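Encoded as structure tokens, the structure appears first; notes follow it.
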Amino acid sequence: MSLLDLSALTAAYGVSQALFGVDLSVGEGEVVALMGRNGMGKTTTVKAICRMIPSQGGLSFDGQDLHRLSSHRAARLGIGLVPEGRRCFGDLTVRENLVVAARPGPWDLAAATRLFPRLGERMAQRAASLSGGEQQMLVIGRALMTNPRLLILDEATEGLAPIIRQEIWAAIRRLKSETGMAILLIDKSVRELASVCDRAVILQRGSTVWAGPMGEMTSDISERYVGV
Ligand code: ATP
């Protein structure tokens, strides 16, 4: 049994259906890429997993039916989300941003600052005064402070300078190798995804059209469905 399991998942924004049949699983310790062109349903899938929009079909985490849970309870089960668009609490300090989310476990302030030393140097600063890249590290650190069993990163490197992107990819690699955390990744860089992910799931118009080991995703498949 996988940690996260979606089968034939459908979802709509009001009357406008966005997901038509998403099949996706993430096992313990697995790093999975959720891929597809713009508007194909990646963020909507993440919103459904995190119980931010209603959905139908199979949706379970650790054997529990997520459809029975609120977004708050889904988070407490161990789903940590780094949403699209970097949202930290600008008026709070870095430390406050991190501790508001904290739940017991190995991820504490010391662990978060080991992963992102820049955060350690800026603990007392207001989050609004950080650079975009530092804010993204803060949002990732905050998600880790919830001690999730599954971390979901939706476009975590979007719009950042190349050097900061590299720091974030390095952090993701460390999470994979040092903690064995299950991770679901959405990102535009197919090259980076290919180097870190065990498996990929590709969406087209709200449905899973391909899923398999990353090494089996041929250039034909990525050209056809991802546009590279
Ligand atoms: P992107 O990379 O552009 O974020 P995506 O694969 O994450 O793309 P989604 O954002 O999940 O795609 O969008 C899937 C579909 O749902 C699109 O047709 C989009 O227009 C529609 N959609 C997304 N958000 C809303 C919303 N709040 N209300 C109505 N329709 C929406």
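Every number here is computed from the coordinates shown, using simple stated rules; none is lab data. These numbers were taken from a predicted model, which means no experiment stands behind them. Reconstructed Cβ throughout: ideal geometry from the backbone, glycine too, with neighbour counts over all protein chains shown.
Points to keep in mind about this one:
- Residues of region 46-61 that turn out to be away from the ligand (no atom under 13 Å from the Cβ) and under 20 Å from residue 182 (Cβ atoms), as a count: 5
- Any helices (runs of 4 or more DSSP H) falling wholly within region 72-141 and containing at least 3 residues that are among the aliphatic types (A, V, I, L, M): 94-100, 109-115
- Test: residue in region 11-27 that is within 9 Å of the ligand (Cβ to nearest atom), free of Cβ contacts under 8 Å to residues at least 12 places away in the same chain and either in contact with a Lys or Arg (Cβ under 9 Å, 6 or more places away or on another chain) or not basic (Lys, Arg) (or both): yes
- Near pairs, Cβ below 7 angstrom, 6+ apart or cross-chain, from region 112-128 (free of Cβ contacts under 8 Å to residues at least 40 places away in the same chain and closer than 10 Å to residue 94 by Cα) to any residue that is of a type in the set (Gly, Ala, Ser) and part of a helix (DSSP H, G or I): 119/112; 119/141
- Restricting region 29-45 to residues that are within 6 Å of the ligand (Cβ to nearest atom) and in a loop (DSSP other than H, G, I, E, B) leaves a set whose member that is surrounded by the fewest Cβ atoms within 10 Å (Cβ to Cβ) is 38.
- Residue within region 84-96 that is in contact with a Ser or Thr (Cβ under 7 Å, 6 or more places away or on another chain), within 11 Å of the ligand (Cβ to nearest atom) and more than 30 Å from residue 129 (Cα to Cα) present: no
- Selection over region 149-176 of residues that are acidic (Asp, Glu), over 11 Å from the mean Cα position of the chain (by Cα) and within 16 Å of the ligand (Cβ to nearest atom) gives a count of 1.
- Checking residue 193 against (1) outside any helix (DSSP H, G or I); (2) within 16 Å of the ligand (Cβ to nearest atom), the condition it does not meet: (1)
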